[in-house]
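Q: If you scroll down you'll find the structure; I have some questions about it.
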Amino acid sequence: MKDWPKLLFFTCIVRPLVLIILGLNIRHRQHLPATGPAIVVANHNSHLDTLVLMSLFPLAQLQRLRPVAAADYFMANPLLAWFATRVIGIIPIERKNRDGHHDPLAPVQAALEQGDIIIIFPEGTRGQPERMQKFKSGVIHLAKAHATAPIIPVFLHGLGKSLPKGEGLLVPFFCDVFVGPALYWQGDRTLLMQQLEQQMEALASEQGHAAWD
């Protein structure tokens, strides 16, 4: 089975870590998509964000979960590239369109077309713990091109303290995951961005936290 490295990693390492060490508080799990294509949108403070989000889905869906990640970071050396693509299953994209002649989101578009569930962090990079930055517009382009795909907002809290940017030591810290109801493209990019921001703010307020920096 070609996906055995991913299945083994999530079964033996990620799920025990999430369930035992982190002890997640998950609210509204029922809003997670059962099938693709779908776009999961979350804030980003830690490398744990991707692993935690993927652990929320049944193991049978692992092969359809595709986190979007920066090629310049995760494809920097052969070992990291193998782990990121074969075990995590990332879609590597260029954060800077150097020649201006290609669409950096084309691989993400292709994954949605084949029915995958995309995990995207529209802030573009990991920020300071528990401080959300304004979302970039890439998620809007994806939504416009795939109008029937649900957009699922997810607010993560505490993971930036468990494994902050630049740190290699995991610190046990109780973390929250709040999942919002699906949004859909309705023909207005400004409206969708406002709805997405409002949803994230509402999810953050359930935890008593202000969403935006």
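Q: Would you pick out the residues in the range 22-70 that are more than 16 Å from residue 177 (Cα to Cα) and of a type in the set (Val, Ile, Thr)?
A: 35, 39, 68
Q: What do you reckon, is residue 69 surrounded by 15 or more Cβ atoms within 10 Å (Cβ to Cβ), more than 16 Å from the chain's Cα centre (by Cα), at pLDDT 85 or above and closer than 25 Å to residue 16 by Cα?
A: Working: surrounded by 15 or more Cβ atoms within 10 Å (Cβ to Cβ): yes; more than 16 Å from the chain's Cα centre (by Cα): no; at pLDDT 85 or above: yes; closer than 25 Å to residue 16 by Cα: yes.
In short, no.
Residues checked against (1) touching a residue at least 24 places away in the same chain (Cβ under 8 Å); (2) basic (Lys, Arg):
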{"position": "3", "(1), (2)": "yes, no"}
{"position": "14", "(1), (2)": "yes, no"}
{"position": "46", "(1), (2)": "yes, no"}
{"position": "55", "(1), (2)": "yes, no"}
{"position": "58", "(1), (2)": "no, no"}
{"position": "67", "(1), (2)": "yes, no"}
{"position": "85", "(1), (2)": "no, no"}
{"position": "95", "(1), (2)": "yes, yes"}
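Q: Name the single residue, out of those in the range 116-128 being modelled with pLDDT under 65, in contact with a Gly (Cβ under 9 Å, 6 or more places away or on another chain) and within 15 Å of residue 50 (Cα to Cα), that is surrounded by the fewest Cβ atoms within 10 Å (Cβ to Cβ).
A: Within the range 116-128, the first condition is being modelled with pLDDT under 65, and the residues that meet it are 124-128.
Those left that are additionally in contact with a Gly (Cβ under 9 Å, 6 or more places away or on another chain): 124, 126-128.
If we keep only those that are within 15 Å of residue 50 (Cα to Cα) too, we end up with 124, 126-127.
On the way: 124: 15, 126: 19, 127: 18.
Step by step, filter the range 116-128, then rank; the result is 124.
Q: Tell me, please, whether a residue that is touching a Cys at 6+ places or on another chain (Cβ under 8 Å), more than 22 Å from residue 136 (Cβ to Cβ) and not polar (S, T, N, Q) can be found in the range 43-62.
A: There is no residue in the range 43-62 that is touching a Cys at 6+ places or on another chain (Cβ under 8 Å), more than 22 Å from residue 136 (Cβ to Cβ) and not polar (S, T, N, Q).
Q: To continue, here is another question. Scan the range 22-40 and tell me whether some residue there is of a type outside the set (Gly, Ala, Ser), in contact with a Ser or Thr (Cβ under 9 Å, 6 or more places away or on another chain) and surrounded by 21 or more Cβ atoms within 10 Å (Cβ to Cβ). Walk me through it before giving the result.
A: As a first pass, look at the range 22-40 and keep what is of a type outside the set (Gly, Ala, Ser): 22, 24-33, 35, 37, 39-40.
In the following step, the residues that additionally are in contact with a Ser or Thr (Cβ under 9 Å, 6 or more places away or on another chain) were identified as 22, 24, 37.
Next, from what is left, pick out any that are surrounded by 21 or more Cβ atoms within 10 Å (Cβ to Cβ): 22.
Yes, some residue in the range 22-40 is of a type outside the set (Gly, Ala, Ser), in contact with a Ser or Thr (Cβ under 9 Å, 6 or more places away or on another chain) and surrounded by 21 or more Cβ atoms within 10 Å (Cβ to Cβ).
The values are calculated or read from the model by the stated rules, or taken from the named source; none is laboratory data. Fair warning: this is a prediction, and the values are worked out from it, not measured in the lab. Neighbour counts are summed over all protein chains in view; Cβ atoms, including those assigned to glycine, are modelled from backbone coordinates with ideal geometry.
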